[in-house]
Each structure stands twice: as C-alpha cells, then as structure tokens.
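Okay, so here's the structure we're looking at.
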Amino acid sequence: MTSAKFGWLQTLGVCIGLASLALTACQYDIPITSGPTRKVQERLLGDWTSVDGTEKLKLRSFDDSIYVVYYDGDLFRAYHSDVAETPFATVQDLNSSDRKYAYVIWKLADDGKTLRLRNVNDKVVPKETKDSATVVALLTKNASNPELFGDEIEFKKEK
C-alpha cells in the first residue's frame with residue numbers, strides 16, 4: 001500500500017476513526033487496542049475531500065463500533081482506540097494479505113466540516129513493537145511529545 005493511499009488514515013483515530021495522505025504506509029503488526037474504545041461517531045460519516053482536491057475519503061459504519069473506509073480504491077477497517085484522552089484510531093488495510101495497521105490521530109472541527117488527520121511517527125512508536133500494551137504505554141508516555149505525530153492532512157466534508 002502506498003503512503004499516499006494510507007496517509008489520511010494516520011490521524012483518524014476515527015477511524016477513523018480513523019492521517020497524512022503523504023505519510024507512511026501501514027506498518028504495524030498489531031492494533032493499538034484489541035477492540036474499539038467507543039462507538040462510531042455519526043458526524044465522521046460521509047464523503048470527504050482533501051483541501052487540494054486530490055484525495056477522496058468515504059467513511060461508513062460497518063456496525064455500531066467499526067468504520068469501513070474507502071480511500072482511492074482501497075478498503076480499510078477502522079475503530080477508535082482512545083489512549084491518554086487522545087482520539088487515536090486503529091486502521092487496518094483490508095486489501096493487503098498481511099493486513100497491517102496504521103495508527104492515526106484525528107480532530108473534527110466543531111462545525112463538523114473539517115477533519116484533520118495525522119499519523120503516529122514510527123520513530124517514537126517503533127514498527128517493531130510487538131504487543132498492544134507496549135504501544136499504549138508508548139502513546140501514553142509521549143502524549144505531549146510533538147515528535148509523536150507526522151504531518152497533518154485536512155479534509156473538507158462534501159455536501
């Protein structure tokens with residue numbers, strides 16, 4: 001999977017929950033949390049377009065806690081993995097045989113029209129990390145570390 005196709009996922013926490021579209025590809029063997037930490041947020045659902053108009057993202061609910069994400073022809077599964085009062089998302093690539101994960105953080109504007117995504121930096125949370133408890137510990141320890149996240153990508157909700 002290309003970094004451009006997965007970048008948006010890197011701040012989803014959404015999903016989503018949910019990334020920077022030009023960020024790193026799916027790289028982790030394990031999820032942040034084994035399951036969702038909250039239910040699907042209806043405000044995140046819909047069609048989104050990157051500010052430059054080149055990237056399209058569709059977020060749908062699969063059930064009350066799981067999102068299905070369609071991004072430029074690829075499918076992903078995402079769910080909320082909140083850690084240290086931060087809205088992370090565990091995002092799994094469904095198109096690849098290895099089904100790796102990406103970790104993203106997301107922020108939805110109060111008006112629900114802008115979604116900002118950033119990926120977790122694999123220099124702070126190494127991709128070789130082999131268990132979710134260690135991932136959670138590293139995310140908690142680095143919650144205020146500005147190096148924890150990569151570049152931000154912004155999406156606007158389509159009408």
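All of the numbers you see were taken from the coordinates with simple rules; none came from a lab. On a predicted model such as this, the values are computed, not experimentally measured, just so you know. All Cβ positions, glycine included, derive from the backbone under ideal geometry; neighbour counts span all protein chains shown.
Remind me, what semi-axes does region 49-159 give for its equivalent ellipsoid, largest first in whole Å, using sqrt of 5 times each Cα gyration tensor eigenvalue?
Working: eigenvalues 107, 62, 36 Å².
They are 23, 18, 13 Å, listed from largest to smallest.
Could you list, in their original order, any pairs among Lys58/Lys127; Lys107/Lys159; Lys107/Lys130; Lys123/Lys157; Lys56/Lys100; Lys100/Lys123 whose Cα atoms are separated by more than 23 Å? Each step should come with its number before you reach the end.
Working: Lys58/Lys127 27 Å; Lys107/Lys159 19 Å; Lys107/Lys130 27 Å; Lys123/Lys157 31 Å; Lys56/Lys100 21 Å; Lys100/Lys123 17 Å.
Exceeds cut-off: Lys58/Lys127; Lys107/Lys130; Lys123/Lys157.
With +1 on the Cβ of every Lys and Arg and -1 on the Cβ of every Asp and Glu, and nothing else charged, how large is the dipole of region 94-142 about its Cα centre, in debye rounded to the nearest 20?
With only Lys, Arg, Asp and Glu charged at Cβ, the dipole is about 100 debye.
Quote to one decimal, in nm, the extra length available between Ser65 and Val124 on full extension: 0.36 nm per residue of separation minus the C-alpha distance between them.
18.5 nm
Once the Cβ-Cβ distance between Glu42 and Lys113 is put in as r, and R0 is 22 Å, what FRET efficiency do you end up with, to the nearest 0.05?
Once rounded, the FRET efficiency stands at 0.95.
Using modelled amide H (1.01 Å from N, peptide plane; none on Pro or chain starts), what sits under 5 Å from the amide H of Glu55, excluding residues fewer than 5 places away?
Under 5 Å from the amide H of Glu55 lie the amide H atoms of Ser50, each far enough along the sequence or on another chain.
Starting at the first residue of region 103-111, write each ³J(HN,Hα) from the Karplus equation 6.51 cos²θ - 1.76 cosθ + 1.60 with θ = phi - 60°, in whole Hz, x for Gly and Pro.
Karplus values, whole Hz, x for Gly and Pro: 10, 10, 10, 9, 9, 9, 4, 4, 7.
Determine the sum of side-chain charges near Lys127: Lys and Arg each +1, Asp and Glu each -1, restricted to other residues whose C-beta is under 12 angstrom from that of Lys127.
So the environment of Lys127 carries a net charge of 0.
Gain in length, Ser34 to Thr54, computed as 0.36 nm per residue apart minus the alpha-carbon separation, to one decimal in nm?
Difference between extended and current length: 3.9 nm.
Quick one: if the Förster radius is 30 Å, what FRET efficiency do Ser96 and Lys159 give, using the C-beta to C-beta distance and rounding to 0.05?
Approximately 0.40, to the nearest 0.05.
I'm a student and want to see the number: the projected area of the Cα convex hull of region 42-97, averaged over all directions, in nm².
Projected area, direction-averaged: 4.9 nm².
Tell me, what HN-Hα J-couplings in whole Hz come from the Karplus equation 6.51 cos²θ - 1.76 cosθ + 1.60 at θ = phi - 60° for each residue of region 59-69, using x for Gly and Pro?
10, 10, 8, 8, 8, 6, 10, 10, 9, 10, 10
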